[in-house]
Amino acid sequence: MKSSIPLWPGDAPGALGTNNNNIPTLTPYLPDATNATGAAMVICPGGGYAHLAPHEGNDYALWLNQHGVTCFVLKYRLGSSGYHHPAMLNDAARAVRWVRAHAVEYKIDSQRVGIMGSSAGGHLAATLLTHFDGGDTNSTDEVERQSSRPDLGILCYAVISLGEFAHKGSRDNLLGNNPQPELVKNLSNELQVTTNTPPCFLWTTFEDQTVPMENTLMFAAALRKNHVPFDLHIYEHGRHGIGLLDKPPFTHTHPWANDCWFWLKTKKFAD
């Protein structure tokens, strides 16, 4: 069993209690030293902001480890535990800062730290990709001095918009009932892309009936409009939440993993 690391030394900002559901953590997954590339990935599992799907955390990390990427699976706070925005974004931002602050310890390059997410975890990753900051240079906390801007993003059948094509369960768990229109707009991430948004790998399927592919297409269009490089894949087949579709040693019965690996190699992230 891998050990998890609390993101904050004490209570997380806005904590509602002290039990496990109130403590956001990172779980490190280290590649073999013989093929480690020095790149890192923070992984946000999906689950509708109600739970966290292990196959979109643990399995992704083990797969990326095979290709030399050091991974950190994020356990972020959830709507099912009484949390709403910005708790989840605070956790994701803190995770990227934490990895950068511990770069020497984990033998990683602080300028090669990406974020990856699936479904609602993809929404969280996309939120950080469009709502990052450069860190607080005056903070006494070394972690808070780090930038929260990921160097790239991987979005797997991601919830992107909270408007027409929203996944209602994710939206309700994130924002609660009857959120303010400005908040819905601010967290519809296709509306928040700028020229400073990091490069992204995006994929989904035509068959996805849970999170319509329009989410991914709208984000890709916004990246294109802002001249942000991206790799876009819309596969015909595949249900929502498929993850890697297999277990170690990952023979990849769905092509997205090999396509993503190719892209990560072009970004000098993967071996």
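The values are calculated or read from the model by the stated rules, or taken from the named source; none is laboratory data. Being a predicted model, the structure only gives us computed values, none of them experimental. Don't worry about glycine lacking a Cβ; one is built from the backbone with ideal geometry, like all the others, and counts go over all protein chains shown.
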Practice problem: Taking only the stretch 173-201 into account, find how many residues are buried (at least 17 other Cβ atoms within 10 Å of the Cβ) and hydroxyl-bearing (Ser, Thr, Tyr). | Solution: 2
Practice problem: Could you grab me the full set of residues in the stretch 221-258 that are surrounded by 16 or more Cβ atoms within 10 Å (Cβ to Cβ) and of a type in the set (D, E, K, R)? | Solution: Asp231, Asp246
Exercise. Report the residue count in the stretch 142-187 for those that are hydrophobic (A, V, I, L, M, F, W, C) and touching a Phe, Trp or Tyr at 6+ places or on another chain (Cβ under 8 Å).
Key: 8
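Do we have any residue at all in the stretch 106-113 that's under 10 Å from Val42 (Cβ atoms) and either touching a helix residue (DSSP H, G or I) at 6+ places or on another chain (Cβ under 8 Å) or at pLDDT below 95 (or both)?
yes
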Practice problem: Considering only the stretch 1-18, state which residues are over 18 Å from Leu124 (Cβ atoms), in contact with a strand residue (DSSP E or B) (Cβ under 7 Å, 6 or more places away or on another chain) and assigned to a loop (DSSP other than H, G, I, E, B). | Solution: Lys2
Exercise. List the number of the failed condition for Thr204; all other conditions in (1) of a type outside the set (Gly, Ala, Ser); (2) surrounded by 24 or more Cβ atoms within 10 Å (Cβ to Cβ); (3) on the phi > 0 side of the Ramachandran plot hold.
Key: (3)
Quiz item: Under 6 Å by Cβ, and 6 or more places apart or on different chains, what pairs join a residue from the stretch 1-19 that is touching a residue at least 12 places away in the same chain (Cβ under 8 Å) and surrounded by 13 or more Cβ atoms within 10 Å (Cβ to Cβ) with one that is assigned to a loop (DSSP other than H, G, I, E, B) and of a type in the set (A, V, I, L, M)?
Solution: Pro6/Ile23
Quiz item: Filter the stretch 124-140 for residues that are of a type in the set (Val, Ile, Thr) and more than 21 Å from Pro9 (Cα to Cα); which is surrounded by the most Cβ atoms within 10 Å (Cβ to Cβ)?
Solution: Thr127
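How many residues, within the stretch 149-172, are surrounded by 23 or more Cβ atoms within 10 Å (Cβ to Cβ) and touching a residue at least 40 places away in the same chain (Cβ under 8 Å)?
Here is the first cut: in the stretch 149-172, the ones surrounded by 23 or more Cβ atoms within 10 Å (Cβ to Cβ) are 150, 153-162, 167, 170-171.
Narrowing further to those that are touching a residue at least 40 places away in the same chain (Cβ under 8 Å): 150, 153-161, 167, 170.
Here the count works out to 12.
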Quiz prompt | Count of the stretch 104-123 residues which are in contact with an Asp or Glu (Cβ under 7 Å, 6 or more places away or on another chain) and either surrounded by 22 or more Cβ atoms within 10 Å (Cβ to Cβ) or assigned to a helix (DSSP H, G or I) (or both) | solution = 4
